[in-house]
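The values are calculated or read from the model by the stated rules, or taken from the named source; none is laboratory data. All values reported here derive from a predicted model rather than from experimental measurement. Cβ sites come from the backbone with ideal geometry, for glycine too, and all protein chains shown count toward neighbours. Side chains are part of the model used for accessible areas, which takes the heavy atoms of the whole protein and leaves out ligands, DNA and RNA. Shrake-Rupley method; radii C 1.70, N 1.55, O 1.52, S 1.80 Å.
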Amino acid sequence: MSAELPTDPKAVKKMEKAVAKEAQADEKDYQRSLKELKRTEKSEAEASKAASKADKHLKKMEDKEHNTIKSLQKATHNHDRAVTDLHTAQSDVQIQKQQTQKLKRNVD
C-alpha cells in the first residue's frame, strides 16, 4: 500500500513544512550525536593519557622499591660484617686478657 501524495497546494505546502521540520530535527540530532562523540573521544584520550601516566608512575615506584631493597640489603650486609668484626675483636680482647693473665701468673 503506497500512500497517495496530496495534489492540493496547501496540503503539499504542509507536507513540505513537515518534511523540512523533520530534516531540521534530524540535523539537530546528528549535530548533538557528533558533539557527544567528540566529548567521548576526548574523554577516552584523557583516560588513556591518565593510564599511561599511572603506568609510568608505577614503573618509577617499582624501580624506587628495587633500589631501596638493594640499599637495605647492602646496609644489612654491612651491619652483619660490623657485628662479626665486633665479635672477633671481643674474642681477640678476651684472648689477649687470658694471655696477659697467664703471663702474669708465670712471672709471679
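Filter the GluC sites (Glu not before Pro) in segment 1-48 to those in DSSP coil with at most 16 other Cβ atoms within 10 Å of their Cβ, and list the result. Write down the numbers at each step before the final one.
On the way: sites: Glu4, Glu16, Glu22, Glu27, Glu36, Glu41, Glu44, Glu46; in loops: Glu4.
Loop-located and lightly packed - Glu4.
Available extension along the chain between Gln24 and Glu4 is 4.8 nm, counting 0.36 nm per residue and deducting the alpha carbon span. Springs between Cα atoms under 10 Å define the GNM used for the chain, and in it the highest mean-square fluctuation of Gln24, Gln98, Gln73 occurs at Gln98.
A value for Rg/Rh (Cα atoms, Kirkwood Rh) was derived from the coordinates, and within the list [x] 1.00; [y] 1.06; [z] 1.89 it appears as [z]. Which lysines have a Cα less than 18 Å from the Cα of Lys13, not counting those fewer than 8 places away in the same chain? Lys13 reaches Lys21. Cross-link partners among lysines for Lys59, C-alpha distance below 16 Å, same-chain residues fewer than 8 apart left out? Qualifying lysines at Cα under 16 Å: Lys49. Couplings 3J(HN,Hα) of segment 79-85, computed from phi: 5, 4, 5, 5, 5, 4, 4 Hz, in residue order, whole Hz [Karplus 6.51 cos²θ - 1.76 cosθ + 1.60, θ = phi - 60°; x for Gly and Pro].
What residue among Thr76, Thr68, Thr88 shows peak mean-square fluctuation when the chain is described by a Gaussian network model with Cα springs under 10 Å? Highest fluctuation of the listed residues: Thr88.
Taken along the Cα-to-beta-carbon direction at a fixed 7 Å, the label points for Ala82 and Lys17 span 9.5 nm. Of the options Ser43, Leu103, Val83, report the single residue whose Cα projects farthest towards the positive end of the charge dipole of the chain (beta-carbon charges: Lys, Arg +1; Asp, Glu -1). Checking the options against the dipole of the chain, the answer is Leu103.
Measure off, as a whole percent, the carbon and sulfur share of the 1.4 Å-probe accessible area of the chain, all protein chains present.
57 percent
In a reduced charge model with +1 at each Lys and Arg Cβ and -1 at each Asp and Glu Cβ, the chain shows a dipole moment near 600 debye about its Cα centre.
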